[in-house]
1. Roughly what % of DSSP beta bridges within the chain run antiparallel, to the nearest 5?
2. Can you give the accessible area of E17 in Å² (nearest 10), computed on protein heavy atoms with a 1.4 Å probe?
3. Do me a favour and compute the ellipsoid semi-axes for region 34-114 from its Cα gyration tensor, root of five times each eigenvalue, largest one first, whole Å.
4. Kindly sort H32, H75 by accessible area of their heavy atoms, largest first, with the probe set to 1.4 Å.
5. Charges on Cβ only, +1 for Lys and Arg, -1 for Asp and Glu, centred on the Cα centroid of region 53-149; of M65, L81, A122, which one is farthest towards the dipole's positive end?
6. Could you tell me the calculated FRET efficiency between R142 and Q112, based on Cβ-Cβ distance and R0 = 22 angstrom, to the nearest 0.05?
7. At 1.4 Å probe size, what's the solvent-accessible area of L152? Round to the nearest 10 Å².
8. Using the scaling law 2.2 N^0.38 Å as the reference, what is the normalised Cα Rg of the chain?
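The values are calculated or read from the model by the stated rules, or taken from the named source; none is laboratory data. Bear in mind the structure is a predicted one, so any value in this text is a computation, not a measurement. Here Cβ is always computed from backbone atoms with ideal geometry, including for glycine, and neighbour counts include all displayed protein chains. With ligands, DNA and RNA removed, areas are computed over all heavy atoms of the protein, side chains included. Shrake-Rupley method; radii C 1.70, N 1.55, O 1.52, S 1.80 Å.
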Amino acid sequence: MMEEREGRPGWHDYFLEMAKLAATRSTCPRRHVGAVLVRDHRVIATGYNGSVRGDDHCDDVGCMMVDGHCRRTLHAELNALLQCAITGVSSVDTTMYCTDFPCVDCAKSMAQARVQQVIYLAEYPDDNSAQVLRKAGVKLLRAHPAGSGYVLE
């Protein structure tokens, strides 16, 4: 792995900041989530939580709540995986950088798409997600702010 120059962000810092930037595009006021899918230090897809193409946005018409969850939007991680499907790019052996730990549905999608690693900033209250990902052999790392970057655990 290449050494980082002083003042230059490391790869994890770079991609986590990109995920945070993607989250600013979110159209659901309940949670702004961003995801960046990376292979070999190259971004292959991005996503944020938002409405289905051509549908109304939560910001404009309100959330569609079912059992405490907004069902109007697609999650950031799924949008990134779908971008791979649209462009014909494989998601095998990638790292997903996320602002939030994935829900169980996104976890299942990532496991099935053979994402290798998930690096995330904030916890999400779904214990089943980690179980699904670990059983699929997906490595999980939480990023914590430290100085001018992040430390992974």
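1. Working: 18 of 27 bridges.
Taking every DSSP beta bridge within the chain, about 65 percent pair in antiparallel fashion.
2. Here the residue's solvent-accessible area equals roughly 90 Å².
3. They are 24, 13, 10 Å, listed from largest to smallest.
4. If we order H32, H75 from most to least accessible, we get H32, H75.
5. Projecting each Cα onto the dipole axis, the largest value belongs to L81.
6. E(calc), rounded to 0.05, equals 0.45.
7. 50
8. Cα Rg divided by the expected 2.2 N^0.38 Å: 1.03.
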